[in-house]
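Undergrad: One structure follows; several queries about it will come next.
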Amino acid sequence: MSRPQISLPVVGGSKPYEIAPSKIIALGLNYRDHIAESVSVRVQGLSPDEPSEPVLFPKLPSCLIGPGQTIELPGIVAAYRFDEPRTDYEAELALVIGTECSWVDEDRALECVFGYTCMNDVSQRNIQNGDRSGWFRGKSFDTFGPIGPAILPAGQMPDPQAAGIECRLNGKTVQSSNTAHMIFPVRTIISFISRNFTLYPGDIILTGTPSGVGPIHDGDVVEVEIEGIGTLRNPVSASPRR
């Protein structure tokens, strides 16, 4: 099977952007109202305390899918016979790095951004909570990274900390917030990550999700909308691909 190829239009641009990140780095617990509900669903390693620094975890680039493509509930989950198997949606603002950066200061961090887009940080909770190694596997199953519908160039984003963010499940609004409510703003996130790992053009950073996360099931349709970017829409299927 060949690697997935995802092209996203660039708002105001003539050429699509080919999604091929060397890495995807995501944040947990970056909205205060999400911390309490994360504890309530017993996510491994969490406490009700606000983090003192960004909480990072990886997602495999192979999890990426584009607008309209299907989120597939992983068949391996059935082998564990969980009493209540649960896979959740998580609406997030994502950013695409435009220039190589390492140890970048916060006051220059936004200069490293190529553009912004919507992403759904799909999460298999039972695996996420049970794996001794942490969140990696539960966040990285194939199709667990819907992204799109377009990339808004950084210069056209008036303020990444003032964008409305919403998730709808089968047409019903289930998440509604604003990036102003992030604990760590985008410039802080980029600066912190760049002090740990060199960021390269095309790398993707997920900035966290607000409250309202919940389960998805076979036949559902999930929409992630961010002000100024558009709506990312993906159906959900429990049908195995193999």
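The values are calculated or read from the model by the stated rules, or taken from the named source; none is laboratory data. Just so it is clear, the model here is predicted, and its values are computed rather than measured. Every residue, glycine as well, gets a Cβ built from its backbone with ideal geometry; the counts of neighbours run over all protein chains shown.
Residues are listed down the side, and each one gets a yes or a no for (1) assigned to a strand (DSSP E or B); (2) in contact with a His (Cβ under 7 Å, 6 or more places away or on another chain); (3) in contact (Cβ under 8 Å) with a residue 40 or more places away in the chain:
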residue: A78; (1), (2), (3): no, no, no
residue: F82; (1), (2), (3): no, no, yes
residue: P85; (1), (2), (3): no, no, yes
residue: F114; (1), (2), (3): yes, no, yes
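Undergrad: Name the residue, out of G148, G138, that is outside any loop (DSSP other than H, G, I, E, B), within 30 Å of E72 (Cα to Cα) and in contact with a helix residue (DSSP H, G or I) (Cβ under 6 Å, 6 or more places away or on another chain).
TA: G138
Undergrad: Limited to the stretch 123-139, what total is found for residues that are surrounded by 22 or more Cβ atoms within 10 Å (Cβ to Cβ) and under 23 Å from L199 (Cα atoms)?
TA: Final tally of qualifying residues: 2.
Undergrad: Quick one: which residue in S237, S211 is under 27 Å from N126 (Cβ atoms), among the small types (G, A, S) and at pLDDT below 95?
TA: The match here is S211.
Undergrad: Looking for whichever is in contact with a Lys or Arg (Cβ under 8 Å, 6 or more places away or on another chain), among the β-branched types (V, I, T) and closer than 14 Å to F144 by Cβ here; the options are V236, V222. Which one fits?
TA: Among V236, V222, only V222 is in contact with a Lys or Arg (Cβ under 8 Å, 6 or more places away or on another chain), among the β-branched types (V, I, T) and closer than 14 Å to F144 by Cβ.
Undergrad: While we're here: Checking the structure you have, find out if any residue of the stretch 46-56 is surrounded by fewer than 12 Cβ atoms within 10 Å (Cβ to Cβ), modelled with pLDDT under 95 and either in a strand (DSSP E or B) or polar (S, T, N, Q) (or both).
TA: The answer is yes; a qualifying residue exists.
Undergrad: Among strands (runs of 3 or more DSSP E) lying entirely in the stretch 180-242, which contain 2 or more residues that are within 14 Å of the chain's Cα centre (by Cα) and over 20 Å from Y17 (Cβ atoms)?
TA: 221-226
Undergrad: While we're here: So if I check each of A154, A180, which one is out of contact with any Pro (no Cβ under 6 Å at 6 or more places or on another chain) and either within 13 Å of L95 (Cα to Cα) or buried (at least 17 other Cβ atoms within 10 Å of the Cβ) (or both)?
TA: Of the residues listed, the single one that is out of contact with any Pro (no Cβ under 6 Å at 6 or more places or on another chain) and either within 13 Å of L95 (Cα to Cα) or buried (at least 17 other Cβ atoms within 10 Å of the Cβ) (or both) is A154.
Undergrad: Within the stretch 60-83, which residues are of a type in the set (F, W, Y) and either within 16 Å of T117 (Cα to Cα) or buried (at least 18 other Cβ atoms within 10 Å of the Cβ) (or both)? Working first, answer last.
TA: We begin by selecting, within the stretch 60-83, every residue of a type in the set (F, W, Y); these are 80, 82.
Within the stretch 60-83, none qualify.
Undergrad: Next up: Can you report the number of residues in the stretch 191-201 which are surrounded by 16 or more Cβ atoms within 10 Å (Cβ to Cβ) and out of contact with any Asp or Glu (no Cβ under 8 Å at 6 or more places or on another chain)?
TA: Total meeting the criteria: 2.
Undergrad: Between residues in the stretch 189-215 that are touching a residue at least 60 places away in the same chain (Cβ under 8 Å) and under 20 Å from S102 (Cβ atoms) and residues that are part of a helix (DSSP H, G or I) and small (G, A, S), which pairs lie under 7 Å by C-beta distance while being six or more apart or on different chains?
TA: Listed by first residue and then by second, the contacts come to I190/A109; S191/A109.
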